[in-house]
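Below is one structure, written out as C-alpha cells; comments come after it.
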Amino acid sequence: MTEASRSGTRLGAYTLGELLGRGGMGEVYVATDDRLGRTVALKILRPDVVADAERRARFEREAKALAALKHPGIVTLHSLEDDDGVTFFTMDLVDGRPLSEIIAAEGAMSVDRILAIGIPVADALAAAHKRGIAHRDVKPDNIIVGPRGEITVLDFGLAKRGDGRNENTPTAMTATAIDVTVEGRIFGTVNYMAPEQAEGRETTVVTDVFALGVMFYEMATGCLPFDGDTAMSMISSILKDKPVRLIDHDREVPEELDRIIHRCLEKDPDRRWQTALDVRNELQILRADLARGSQSSVNETAAEADSSAVRSRPFGWMVATLLLAIAVGVLGVLAIQGPDATSGTAASTLVDGERIWTFDCLTTDAGVEVEPALSPNEEFIAFVMRSGTREDSSVYLLRVGGNRPIDLTPDMEGEERSPRFSPDGARIAFRSGNVGEAGAIYVMGATGEQRRRLEINGFAPDWSPAGDQLVCSTEGYTDPHGRPTAGGLVIVDIETGDATEIFAGDAVDPRWSPNGEWILFWSVGTVDEDGRFNITGRRDIGVVRADGSDFRLITDDLEFDWSPAWAENGRKIIFSSNRGGPIGLWELDFDPETGSTAARPRPLPAPSTYAGSIDVSKSGDAIVFVDGMGSNSLNRVRFDPETLESIGLPESVMSGGFSGNFDVSDDGERVVMSGGPMRSDDIYVSRGDGSGVRQVTDDSFRNLAPMFAHDPAQLLFFSNRSGDYEGWSCRVEGGGYRMLTDGWRLINTPAASPADGTLAFTTEENWYVVPPDPRGIRFEDVEPMPKIDESGRWFTPSDFSTDGRRLLGLVRDAGERHPLAIREIGIY
C-alpha cells in the first residue's frame, strides 16, 4: 500500500486522515479514534523496520520514553498497538508551527522571543533529563509553537536512558537540516549534533544541552554556529571550529545570553551546563534581570513625570521561601508583570503576549515561615512562623515591602496554623492546636483584635464568599508526603458556631470557590464504581459542591498533586505537583458552572524546587507559596551492647535528599533508603559507610520504606505501582518486581523476619503478621492481629529481632504515636 493510499483507510480502531510527514522510521498521519471520537496523531512503523529487530526495538523505545514523561511541553502518548502486522502508536495531535518554519520566516529573533520559546523548551527537556532520558535529536523541527505560544517537544524516537550504555544503531531521519546514517556509528540530525554524538561516542543528557545551544544560537542570529555543505564538512566544523560570538552578529544581544549559549556549545561535555534544568534556570534569571532593568528605567521616567503618582498595584506574584535544612525562612516576591501592572516593583511589561516573572526577597528573619496567606488588597501577608523567641508557632502579619512582622497571637499556647483572610480583609481565621490533638478554629480581626473561639476541631479554615461561614477539614498534616489519617469536610456557621459535615471522604486544605458553588481540596482517595470512597494513598486535586454532592477528582493520576487554590475568579486552579520533575506550581483551567476542566495542566515558571502552601489573589496575578526543601542526615554511632551507651560522636554516613526511611543489612555492609533528588521516592542502596550509592528504582511511582528481605538478594518496600499501595519485592540490583500482597489497597512499612521471611505490616485500620506466599498474600485470606488492649490501641511493626520472635515498633491510638515498644509475637 502506498503512503498516499493510506488516507481514508482504517487501521484498528482508527480512520487515517492527512499524511503529516514521513521519515526513516515511518509515517505520521492525522487519525480519528472511532471509539472515543477524538483526533490523534498516529505514527506507523515501516514494514522493513518491523522486520529489523533493532529498529523495531528503537521504535518501542520511543513509545516507552514518551509514556514515562508527563509534562505539558512533551507530547502525550496514548497507545502502542499492532493491527494485522502494522505496528503504530497514537499521541496528541499538536496544533502549531515547527520552530524551524518560524526561524526561516523571521530570521534572527529578539531576546524576548528567544526566552519566551527557549525557557519552556528547556523546561520540557529538564523533565526528561530528570528521568535520566536524553532526547538525542533536539532540533527546531521537533519543537512546535502553538497558536498561544505554548511549546511542545516532539519525536523522542532517538531517546535513550542516560545511563552510560551506548546504543549506536543505524537510523535515518528526515529533516530540513542534514540527516545522516552511518552504520553502527552516528544517528541524529548532524547540524545539531554534539561532538561526542558525531563521533559515535557515549551520549547523555549533556548531548541535548549542546543541541539546545545550537538551536538558541540559530534563533539569535538566523544562522547555524557551525558551517558545512555536506554532512562530513559539518561534522568537521562541529569538532574543530569555535562559533562566532553572538555580539559579533548583533551588538544589542546581552552578554549574559551570549555566555549561556556558548557554555551550551562547549566541545567538552564536562564544561557544558549538565542538564537542561541548568539552562532553564539561567534563562529565567536572565529574563528576570532584563525585566527588572527595563522596569527601573520605566519607573524612573514615571517618577520624574509625576512624583506624586499613586501606585495602585504594588506587587504581582509573591512567594514565601522556607529552608528547612537550616531552620530559616525567607519571604520573597515573585512578580508576574502583566498588562494590568502599572507601577512599583512589578510594573507592566508584556512580551509577545507572555507575562514576565521576577523574584525579590522580602524578609531575612531567622525563623521558619510557612502557610502564607495574601490579603485581598495584596498589601499584607499573614503567615505562621516559629522563631527563636518562641517554642511554638504563632500567626504573624507583615506588610508587603516591610521588614517588621507583627506577632498576632503572642499570648496563645500551642501551635497556631493556617491563617486565612476574610473576603473583605477585615478578619483572619486560623487553627490553634497540634495535629493529633484537640484544637479549635479561631476568628480575629486582621491585626489580632477581638479573637473568638469556634468549638470545632478543624484544620485549614477557608471563608465562604459572603464571609459568614468557614469550611475546614477534620484532619490536618505536617508533611504532604506522610498523611497518617483521612479527614472530611465541615462547614461552620461563624455566628452560631453550628457545624455541618458535607463530605465524609478525604479532603484537606479546602478552598471555597468565588461563586460559592464548589469546595476545592486535595485528597488521598477516590470513589469507585459503586460510589464508595476508598483511600488509595495517591495525591490528587478534587472538588465537591458546597452541599456535599458531585465529588470528583480533577487530577486522577499517579502524580503527586496537592495544595490547590482558586485563581481568576474560579476559572483556573493553581496547585503544586511533581509532574514536571521537582514539585513546582501548575495551573489548570476550570469551568465554575459545570465543574469540568479543559486542556492539560500547565507549569508556572516559579524559582522553586519544592513549592506548596499556595494562596492566590482574587485577580489571579499574585500568589504566595512556600519554597521548602528539607534535608535528612543518616548517621551511625558505636555503642556498648551490654550497657547500650554510645561510644564517641555520631559519624555522618549520608546527607541530602532521602526521605528518612532506611534499613541496614544484617552484616552492616549495605544500607537501603528511599528518597532521592527532589523527593523522587526512588530506592537507593549504598555501602555501610555511605559510599557507592546506586539507584535501584527509576520510575514515577512512590517506592517507600525499603528494607532487606529474608533473602539478602531481595528488597521489600511498599509502592503504588499497581495503582494502590501494596507490598512489593525486587532484586537488590534492580528489576524483578513482584507484588507480595493482593487487594490490600493501602499498606505501610513492610518488615520481614530474618528467620523465615514472615511479613509484618499495617493498613489504615489494622496490623498483620503473615507467612510469605509466592502467590501473593490476599486480603480475604488473612485475619488482622488483635488490638493491644481494650482501649483499642494497636501496634505498628518496624523490625524483627534476629531470631524472628520479637517485633520492634510503635503503639498507636487516637492518632498519637507512643514510645518504642517491644512485644512478643506469641502474645497475640
With R₀ set to 35 angstrom, the calculated FRET efficiency between the beta-carbons of LYS242 and ALA598, to the nearest 0.05, is 0.15
Longer than 19 Å from Cα to Cα, which of LYS240/LYS267; LYS139/LYS240; LYS572/LYS618 are they? Say none if no pair is. LYS139/LYS240
Find the eigenvalues of the gyration tensor of the Cα atoms of the range 534-593, then list the square roots of 5 times those eigenvalues as equivalent ellipsoid semi-axes, largest first, in whole angstrom. 20, 17, 8
Given R₀ = 56 Å, FRET efficiency for ARG571-ASP803 by Cβ-Cβ distance, to 0.05? 0.35
Given a 1.4 angstrom probe, what's the average accessible area per residue across the range 671-767, in square angstrom? 33
On average, how much accessible surface per residue is there in the range 1-140, in Å², for a 1.4 Å probe, leaving out ligands, DNA and RNA? 40
Efficiency by 1/(1 + (r/R0)^6): what FRET value for ARG451 and MET232, r their Cβ-Cβ distance, R0 = 56 Å, to the nearest 0.05? 0.10
What distance in nm lies between label points placed 7 Å from Cα along the C-beta direction at ASP689 and SER79? 5.6
Taking protein heavy atoms only, a 1.4 Å probe, and rounding to whole percent, the accessible area of the range 680-801 owed to carbon and sulfur comes out at 48
Whole number in Å², please: accessible area per residue of the range 413-517, 1.4 Å probe, ligands, DNA and RNA not counted. 38
Please label the shape of the range 1-157 as rounded, prolate or oblate, based on the square roots a ≥ b ≥ c of the eigenvalues of the alpha-carbon gyration tensor (a/c under 1.5 means rounded; beyond that, a/b larger than b/c means prolate, else oblate). prolate
Looking at the square roots a ≥ b ≥ c of the eigenvalues of the Cα gyration tensor of the range 492-574, which shape do they give, rounded for a/c under 1.5, prolate if a/b is larger than b/c, or oblate? oblate
Pull out a ≥ b ≥ c, the square roots of the eigenvalues of the alpha-carbon gyration tensor of the range 189-277, then state rounded if a/c is under 1.5, prolate if not and a/b is larger than b/c, and oblate in the remaining case. oblate
Percent of accessible area on the range 479-518 owned by carbon and sulfur, 1.4 Å probe? 44
Using a probe of 1.4 angstrom, how much of the accessible area of the range 430-475 is carbon and sulfur, in percent? 44
Counting sequence-distant residues (5 or more places) and residues on other chains, those with an amide H built under 5 Å from that of GLY26 are ARG46
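The values are calculated or read from the model by the stated rules, or taken from the named source; none is laboratory data. Quantities reported herein were computed from a predicted structural model and do not represent experimental measurements. Don't worry about glycine lacking a Cβ; one is built from the backbone with ideal geometry, like all the others, and counts go over all protein chains shown. Surface areas here come from the heavy atoms of the whole protein model, side chains and all, with no ligands, DNA or RNA. Shrake-Rupley method; radii C 1.70, N 1.55, O 1.52, S 1.80 Å.
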